[in-house]
Each structure stands twice: as structure tokens, then as C-alpha cells.
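Student: Let me give you the structure first, and then I'll get to my questions.
The values are calculated or read from the model by the stated rules, or taken from the named source; none is laboratory data. Everything quoted here is computed from the prediction, not taken from an experiment. Glycine gets a Cβ as well: all are built from the backbone with ideal geometry, and neighbour counts include every protein chain shown.
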Amino acid sequence: MHILAIETATRSSSVAVIFDGKILAEVSRESPQTFSETLLPQVEEVIKISGAFQKIDAVAVSIGPGSFTGLRIGLATAKALVYAWDIKIIGVPTLAAMAYNFPAAKVLPLIDAQKNRAYTQIFDDGVALTEAEVLPIDAAISRAAELDGTIFICGDVLHKIKSPLPPNVRLAPPNLRMPRASSVALCGAELLSAGNVANVMNLEPLYIRRAEAEVLWEKRHGLPSEN
């Protein structure tokens with residue numbers, strides 16, 4: 001089965017095609033252009049490289065948490081392709097896809113949530129030990145340091161870490177630090193095998209928190225806000 005995957009939860013976009021668990025093609029890009037300009041050309045590129053034209057059976061899309069704009073563009077693109085091709089869609093939580101790269105290991109994905117905070121969740125061998133939430137970056141690392149054994153951290157906020165890491169907390173290898181569409185595809189294949197196919201009409205991004213623009217609007221108009 002050919003699965004096309006789309007990952008747009010961070011400043012980098014990534015698109016991949018897999019076939020029966022084998023990665024046929026993957027293109028990742030960080031560009032000053034918006035995802036709305038670059039994403040479809042990436043899709044066309046990976047389909048051409050993989051030779052999977054008219055062979056895609058499902059689209060797996062990263063649903064967050066992460067960049068509000070990126071997630072909306074990624075999901076809208078995935079839905080458009082699913083409608084056009086009349087195929088299945090699979091929503092893959094971004095943090096779980098990141099943890100997929102670390103089998104038999106503990107991992108703490110950290111995705112930028114602004115104001116020195118991160119979307120985060122702790123995994124052990126791909127199994128979630130905590131719920132996805134927003135925490136200050138230092139607090140997330142301190143919580144992870146309380147676990148036994150080594151725990152790897154990955155994500156797009158590692159450059160914001162100023163304090164020395166605890167002894168059992170290590171940076172992931174550079175090639176595994178950012179979300180990758182190939183991981184979204186492989187996670188999506190497992191979800192598909194388990195019968196977890198999303199409804200294209202109802203699938204929505206997993207935001208965790210509300211957009212900063214919405215919070216600021218409420219403050220300006222004297223309305224109560226949770227953030």
C-alpha cells in the first residue's frame with residue numbers, strides 16, 4: 001500500500017511516500033516562502049521520485065500540536081488530495097510521530113509553543129507516558145530528568161535551551177530532531193492497519209491551546225482568557 005505523508009507542524013515542511021513500510025521518497029524543506037506556496041510542489045516532487053503517480057492509497061497527515069498556520073495548510077492540502085483521489089486519510093499526532101524515531105528508548109519531543117514554552121509529551125518505546133500539554137521548556141526537561149535511564153529530547157526549540165542538561169537527558173542526533181514525513185507515514189500505516197481511518201469531514205488539527213491572536217483579541221475587548 002502506498003501512503004503519502006505530509007508534515008507541517010514546524011517551520012520545516014516534509015513530504016514522503018512509503019510502500020509497505022519502505023520509504024520510497026522524502027523531501028524536507030525550510031523556506032522563506034509560505035507552505036501554501038511550497039507544499040504542493042513538494043507533493044509533486046515526492047510522487048515523481050517515488051514513481052507512485054496514481055498509486056496513492058491513503059494520505060497520512062500530521063495533525064499537531066504545532067504551528068497553527070502550518071497545521072491548517074497541511075491538513076487542508078491533505079483533505080484536498082483525499083477528495084480529489086477518493087482515498088483514505090489518517091490523522092497522526094505530531095509528537096507520537098516524532099517518538100516513532102526512537103524505538104526502545106525514552107524520548108521527550110518539544111515543539112515551539114512560543115513564550116519559551118513547548119508542546120510536549122513523554123514516550124517510552126513509542127508508548128505515551130503523559131498527555132500532550134504545553135509547559136515551559138525548562139519545566140518539561142526537569143520532569144523528564146526525574147525518569148530512570150537516558151531520555152532523548154528532540155524538536156525545534158533545542159536552540160532555546162540555555163541551562164546545562166541533567167545527566168540523563170541527551171540531545172537526539174541531528175537527523176532525528178525535527179518531525180519527518182516518513183515517520184508520519186510509518187505511524188499512519190500502523191494506524192491504518194488497526195482500522196484507525198479518519199473522517200475527512202471531521203478531522204481537525206490538535207491545537208492543545210488557542211491561537212495567540214485570539215487570546216490578544218479577548219484581552220483587548222476585556223473578555224476572560226485562559227492564556
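Student: From Pro109, Pro103, which residue is surrounded by fewer than 14 Cβ atoms within 10 Å (Cβ to Cβ) and closer than 18 Å to Ala172 by Cβ?
Tutor: It is Pro103.
Student: Still on this model: Collect the residues in segment 131-175 that are modelled with pLDDT under 95 and within 29 Å of Ala58 (Cβ to Cβ), keeping them in residue-number order.
Tutor: Asn175
Student: Which residues, counting only those in segment 26-40, are over 25 Å from Pro109 (Cβ atoms) and either more than 20 Å from the chain's Cα centre (by Cα) or small (Gly, Ala, Ser) (or both)?
Tutor: Selection gives Ser36 alone.
Student: Please go through segment 1-24 and give me each residue that is buried (at least 24 other Cβ atoms within 10 Å of the Cβ) and of a type in the set (Gly, Ala, Ser), ordered by number.
Tutor: Ala5, Ala9, Ser13, Ser14, Ala16
Student: With over 14 Å from Ala181 (Cα atoms) and within 15 Å of the chain's Cα centre (by Cα) as the only criterion, which of Phe53, Phe68 stands out?
Tutor: Phe68
Student: Quick one: in segment 47-87, which of the residues that are touching a helix residue (DSSP H, G or I) at 6+ places or on another chain (Cβ under 8 Å) and part of a helix (DSSP H, G or I) is surrounded by the most Cβ atoms within 10 Å (Cβ to Cβ)?
Tutor: Within segment 47-87, the match that is surrounded by the most Cβ atoms within 10 Å (Cβ to Cβ) is Gly74.
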